[in-house]
Amino acid sequence: MNMRRNLLQKGIITLIVGWLLLFVFFPNLLIVGTSFLTRDDAHIISMVFTLDNYSRLLDPLYADVLMHSFNMALIATACCLLLGYPFAWCLTTLSARLRPLMLFLLIVPFWTNSLIRIYGLKLFLSTRGWLNDFLLSLGLIETPFRIIYTEQAVILGLVYILLPFMVMPLYSSLEKLDSALLEAARDLGASKLQTFWRIILPLTLPGIVAGSLLVLLPAMGLFFVADLLGGAKNLLIGNVIKSQFLNIRDWPFGAATSIVLTLVMGLLLLIYWRAARLLNNKVDLT
């Protein structure tokens, strides 16, 4: 029996490792290798080593796109945090019967393709969409206002898609709060603002950081949101990568851009890991 169990465990581990090697490690290795090669109009890639693909990223044009993409992703993350924190707090105050229902409703949008949802949002926000029709019927506006193909529309689309990724880590952190600490703060005369600032916020900081990373990192790469809602003037870094591979056919430069974006994401994850360790050590010492 033990021998069969060991064989089964080894087989499962081998299958998982093989899957990761075949579909994760080797494709990423090909991307890394391609980023150091040269573009060839006839064969797409020429086996000539070069570092020009990375040096091109220092061009002000691509640097501006990267900073603009990071700025929109950062604003979307802040909006998700401002909306998600009160929502997650309200979830923790619900009864045991209502809480699973609300969590279910929060997860339901994941059952629909995000591209379809963005198309629906585009129809809702368009000049002749439901939003303008509703405001016109109320007499709040005299002429339809334009929000499509603006930076605000892209940010709204990112918040619409990524808000659940912020709520879930926040809800997990808030749910683990010890109610005795809040009662002790009230007994000691702390105001609601002091209780939040000195107890709730520090204890839920890991959830805030985790949720922010889960929103910030994908937000920079959701190119279809910028394509449908932002137009040509509001690009994300994902749009640059997509256009290099599909339109311009400059695979080496697209691969180099992908590698740089991956390294930035890895740096942010490293910062989160270090911050979480320092916070845990501080909690242990106290």
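Across the stretch 177-286, the relative contact order, built from alpha-carbon pairs under 8 Å that are at least six residues apart, equals 17 percent. Between E183 and L94, the FRET efficiency from the beta-carbon distance, with R0 = 30 Å, is close to 0.95.
Divide the volume of the convex hull around the Cα atoms of the stretch 129-202 by the residue count and you get 170 Å³ per residue.
Taking all protein chains in place and a 1.4 Å probe, what share, in percent, of the accessible surface of the chain do carbon and sulfur account for?
On the way: 12880 of 18340 Å².
That fraction is 70 percent.
Using all Cα-Cα distances in the stretch 123-167, what percent lands in each 5 angstrom bin from 0 up to the longest? Going out from 0 Å in 5 Å bins, the stretch 123-167 shows 5, 22, 22, 20, 15, 10, 5, 1 percent.
Computed over the Cα atoms, what is the radius of gyration of the stretch 40-142 divided by 2.2 N^0.38 Å, N being its residue count? Mind dumping the intermediate values first?
On the way: Rg = 22.7 Å, N = 103, 2.2 N^0.38 = 12.8 Å.
Ratio of Cα Rg to 2.2 N^0.38 Å: 1.77.
Just read off the accessible area of D52 with the full protein assembly in place, 1.4 Å probe, to the nearest 10 Å². So the heavy atoms of D52 present about 90 Å² to solvent.
Start at zero, step by 10 Å, and the Cα-Cα distances of the chain spread as 6, 19, 25, 24, 17, 7, 2, 0 percent across the bins. Plainly put, the stretch 195-261 has a radius of gyration that is 1.23 times its Kirkwood radius, both from alpha-carbon atoms, as the Rg/Rh ratio. Remark: the stretch 229-277 projects, on average over all directions, an area of 4.4 nm² (convex hull of Cα atoms). Comparing mean-square fluctuations of T204, T38, T195 from a GNM of the chain with C-alpha springs under 10 Å, the top value falls on T195.
Dipole of the stretch 1-132 computed with +1 at Lys/Arg Cβ and -1 at Asp/Glu Cβ about the Cα centre; of I13, F23, L131, farthest Cα towards the positive end is I13.
Comparing L103, L140, L182 in a Gaussian network model of the chain (Cα springs below 10 Å), the most mobile by mean-square fluctuation is L140.
Under the criterion of Cα pairs below 8 Å and six or more residues apart, the relative contact order for the chain equals 27 percent. With a simple spin-label model that places each label point 7 Å from the Cα along the Cα-to-Cβ direction, the separation between L82 and L7 comes to 6.2 nm.
How much accessible area per residue does the chain have, counting only protein heavy atoms and a probe of 1.4 Å, in square angstrom?
64 Å²
In the chain, the calculated helix contribution to ellipticity at 222 nm averages -23000 deg cm²/dmol per residue, counting -39,500 (n - 2.57) for every DSSP H run with n ≥ 4. Please report how far the C-alpha centroid of the stretch 40-63 lies from that of the stretch 1-39, rounded to the nearest whole angstrom. Each part's Cα centre sits 29 Å from the other's. Largest to smallest in accessible area, the residues S114, S69 fall in the order S114, S69 (1.4 Å probe, all protein chains included). Counting alpha carbon pairs within less than 8 Å and at least 6 residues apart, what relative contact order, in whole percent, applies to the stretch 99-227? Normalised by residue count, the contact order of the stretch 99-227 is 27 percent. Global size of the stretch 145-286: 20.3, 66 Å for Rg and Dmax (C-alpha atoms, Rg to one decimal, Dmax whole).
Compute the whole-percent fraction of alpha carbon pairs in the stretch 105-148 spaced more than 11 Å apart. Intermediate values should be presented prior to the final figure.
Numbers: 630 of 946 pairs.
That tail contains 67 percent of the Cα-Cα pairs.
The values are calculated or read from the model by the stated rules, or taken from the named source; none is laboratory data. Keep in mind the model is a prediction, meaning the values are calculated, not measured. Reconstructed Cβ throughout: ideal geometry from the backbone, glycine too, with neighbour counts over all protein chains shown. These area figures cover heavy atoms from the full protein model, side chains too; ligands, DNA and RNA do not enter into them. Shrake-Rupley method; radii C 1.70, N 1.55, O 1.52, S 1.80 Å.
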